[in-house]
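Have a look at the structure below, then the notes.
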Amino acid sequence: MMRKTFIVALLLLSCTILRSQDGWISKVSPSIITGLQDGEEVECLIQLHDTPDLRRAKTIRSKGKKGQYVFSNLRKTAESSQRALIDWLKAKGRFPKSLYIVNLIKVSLDQSMIEAIAKRPE
């Protein structure tokens, strides 16, 4: 009985380890994966999770002030959530472009960099 329990525990641990190693693939669009060739780069859009709380915009009466409020909060959210990744990409010789309205980063990457980014928590 002890041996059977050990084998089941070992199998579960193996499955967990394998899933965590390949878990990055689930974060990447299949079209990106299939578009990769050995050493080639693919243009990618990296979406970050943070989103600003824009509920207060409903209470602002002036169209200009409302637009400025939304613009400012979108930009602040993108700058704070993208900073570490953009710095990392620049250190790797990449030229990322921030798309603050939807909190995306546009950049060309090879497979190893795509994997490294997909494994990041943000």
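Just so it is clear, none of the values below were taken in a lab; they were calculated from the coordinates. Computed from a predicted model, the values in this text were never measured in an experiment. Heads up, the Cβs are rebuilt from the backbone with ideal geometry, glycines too, and the neighbour counts pull from every protein chain shown.
Give the residue that is surrounded by the most Cβ atoms within 10 Å (Cβ to Cβ), with candidates limited to residues of the range 109-122 that are of a type outside the set (A, V, I, L, M), part of a helix (DSSP H, G or I) and in contact (Cβ under 8 Å) with a residue 60 or more places away in the chain. By that ranking, first place goes to Gln111. Scanning the range 51-97 for residues that are among the hydrophobic types (A, V, I, L, M, F, W, C) and out of contact with any strand residue (DSSP E or B) (no Cβ under 8 Å at 6 or more places or on another chain) yields Leu54, Ala57, Ile60, Val70, Phe71, Leu74, Ala84, Trp88, Ala91. In the range 89-108 there is no residue matching the filter, namely being surrounded by 12 or more Cβ atoms within 10 Å (Cβ to Cβ), on the phi < 0 side of the Ramachandran plot, part of a helix (DSSP H, G or I) and among the small types (Gly, Ala, Ser).
Apart from one condition, Lys66 fits all of (1) in a helix (DSSP H, G or I); (2) of a type outside the set (A, V, I, L, M); (3) under 18 Å from Ile105 (Cβ atoms); the exception is (3).
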